[in-house]
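Step one of this worksheet: look at the structure below.
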Amino acid sequence: MEDEIPVLRSRRIQIKTPEQIVRMRAAGLVVARTLETVRAAVKPGVSTAELDALAEQTIREAGAIPSFKGYHGYPATLCTSVNDQVVHAIPSPDQVLADGDLISIDCGAILDGWHGDAAITVPVGTISDELQAMIKAAEDAMWAGIAAARAGGRLTDISHAVETSIRRSGRYGIVEGYGGHGIGTEMHQEPHVLNYGRPGRGPRLVPGMALAIEPMITRGSPEVVELDDGWTVVTLDGEVAVHVEHSVAICPDGVWVLTALDGGRERLGDLVTAQAWE
Ligand code: MF3
Ligand code: CO
């Protein structure tokens, strides 16, 4: 199947047809709806394993498959990263949410062979204004990155826009070892999308590219470590982290936010073409 899909040979970036982008949108909507269902279930006293079960049920009822489960042996549908956990934390019945926690919920699904991947960070009960501002900083950075993802531009225009937005929002750490990625018939494809850097570098962005854009910021030092479970990434200093993600498609006249219910219209206005071309 994959060799029927054109690839920029030198960079191994999969270029989708408009029809294929429409199928990715269907996968993205499954992810978007699942995240909204899980978001509504977040409250003090709920375990991350319960959220995981709800996500798996929602994805399967939509006729899709959870993409994280079994990915290099990953055991769950979601990554549920609470407080100082940055990304890839495994849901557990022993991890019960408490008032004031922050949880990043990362979800991926495969529909009809095509992937969607997105994450939201959600407050549990009441959180401080400082943490609320931190969620906004990560979301603003993600949307700035998405707005910079234009046909004719270059990959690191996205990275630069993400970094610039974060630095404008406050003194946050920007996690360096992880970032966004190409997405399509696999969850993780070329290119890697850094969350920092100079603009105007890397592959040229062309219609049919699909990218997951996912800033990760910390309240303290940007240093992170992976735990012995081989998955969970935490901040070294124990400070809180925030992670958000959308999968987007580059279209000739703008960007289509495949994992946003409204395609990105509310945040991006005219920069969005919430449909494929032709
Ligand atoms: N959204 C995550 C990412 O982009 C996916 C977690 S991968 C898994 O890297 F290993 F947990 F499956
Ligand atoms: Co991702």
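The values are calculated or read from the model by the stated rules, or taken from the named source; none is laboratory data. Predicted, not measured: the structure shown is a model, and the values here were computed from it. Here the Cβ is made from the backbone with ideal geometry for all residues, glycine too, and neighbour counts use every protein chain on show.
Checking the structure you have, find out if any residue of region 132-145 is in contact with a Pro (Cβ under 8 Å, 6 or more places away or on another chain) and away from ligand 2 (no atom under 16 Å from the Cβ). Yes, region 132-145 contains a residue that is in contact with a Pro (Cβ under 8 Å, 6 or more places away or on another chain) and away from ligand 2 (no atom under 16 Å from the Cβ).
Out of the residues in region 121-141 meeting the condition of being within 16 Å of ligand 1 (Cβ to nearest atom) and assigned to a strand (DSSP E or B), tell me which one is surrounded by the most Cβ atoms within 10 Å (Cβ to Cβ). Only one residue tops the list, namely 121. For region 13-30, a residue qualifies if it is surrounded by fewer than 22 Cβ atoms within 10 Å (Cβ to Cβ), among the β-branched types (Val, Ile, Thr) and part of a helix (DSSP H, G or I), and exactly one does: 22. Scan region 59-72 and tell me whether some residue there is farther than 24 Å from residue 210 by Cβ and among the small types (Gly, Ala, Ser). Within region 59-72 (the criterion being farther than 24 Å from residue 210 by Cβ and among the small types (Gly, Ala, Ser)), the answer is no, since none of the residues qualifies.
For residue 144, the conditions (1) among the aliphatic types (A, V, I, L, M); (2) without any contact (Cβ under 8 Å) to a residue 60 or more places away in the chain; (3) part of a loop (DSSP other than H, G, I, E, B) all hold with the exception of (3). Taking every residue in region 45-56 that is in contact (Cβ under 8 Å) with a residue 40 or more places away in the chain and pairing it with any residue that is buried (at least 18 other Cβ atoms within 10 Å of the Cβ) and of a type in the set (Gly, Ala, Ser), at least 6 positions away or on another chain, the pairs with Cβ-Cβ distances below 8 Å are 48/89.
Of everything in region 60-84 that is part of a helix (DSSP H, G or I), away from ligand 2 (no atom under 16 Å from the Cβ) and not acidic (Asp, Glu), the residue that is nearest to residue 188 (Cα to Cα) is 73.
Of everything in region 173-198 that's assigned to a loop (DSSP other than H, G, I, E, B) and closer than 11 Å to residue 212 by Cβ, which residue is farthest from ligand 2 (Cβ to nearest atom)? Per the criteria, the residue is 184. Of everything in region 223-278 that is among the hydrophobic types (A, V, I, L, M, F, W, C) and modelled with pLDDT under 95, the residue that is surrounded by the most Cβ atoms within 10 Å (Cβ to Cβ) is 272.
Of the residues contained in region 108-120, none is found to be more than 25 Å from residue 16 (Cβ to Cβ), of a type outside the set (Ser, Thr, Tyr) and either away from ligand 1 (no atom under 15 Å from the Cβ) or part of a strand (DSSP E or B) (or both).
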